[in-house]
Structures are given as C-alpha cells and as structure tokens.
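Everything on this sheet refers to the single structure shown next.
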Amino acid sequence: MSEGQIERKSLEDLKAVLREAHNQSIKLVIMGGYAVAAYTRGYRSTKDIDLVADKPALGKLKGLLTSLGLNRPKYLSPTKISACPSQA
C-alpha cells in the first residue's frame, strides 16, 4: 500500500470506530495526529489512531476494535489504547 492509501484507510478506520463507539455509547477522546489536524484545521500526516477512554469502557473498546479488525493494539494502559490501522 502507498503512504496515501494507508492514510486514507486510517481515516476510514477512524470513522468506523467513531460510528460504532457512538452506537455502543462508548465515550472516546481522539488524540495524536487526528486531534492536531482537527484543532488546527490543518493537514497532519498520520497513520495510527490514538484514542482515550475511561477505564470502565476499555473492555467494550477492545471488543469494538477487534470487531473492526483493529485487533493489534501497540500500546495499552489503564486509560489508553492506540490501535494500528488495518493494513488490508
């Protein structure tokens, strides 16, 4: 996949995560490159999706990510999961 294709896929994955999180009433905060892009209304190259959820929601969030094929978390703490975008 080209870098542009990976970035587009990452954005599609983010939209799917946010849509499903809304459907499951999971409250998320977007961090990282997508947050910077939204805050500055500028372009920020990013390939990963950085999300923060409260501790009680982590189990639901992990299930949501797995159901969307984003089941390779590269970082996990009590309040943060940062999932790599799918490479398919």
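Just so you know, all these numbers are worked out from the coordinates, no wet-lab data involved. Here the structure is a predicted model, which is why all the values come from computation and not from measurement. Note that we place each Cβ from the backbone using ideal geometry, even for glycine, and neighbour counts take in every protein chain shown.
So for region 29-39 (the condition being outside any helix (DSSP H, G or I), among the hydroxyl-bearing types (Ser, Thr, Tyr) and loosely packed, with under 14 Cβ neighbours inside 10 Å), does at least one residue qualify?
Checking region 29-39: not a single residue is outside any helix (DSSP H, G or I), among the hydroxyl-bearing types (Ser, Thr, Tyr) and loosely packed, with under 14 Cβ neighbours inside 10 Å.
Being in a loop (DSSP other than H, G, I, E, B) and farther than 14 Å from Asp13 by Cβ is the filter here, so list the residues in region 40-69 that pass it.
Correct list: Arg41, Gly42, Tyr43, Arg44, Ser45, Ala53, Asp54.
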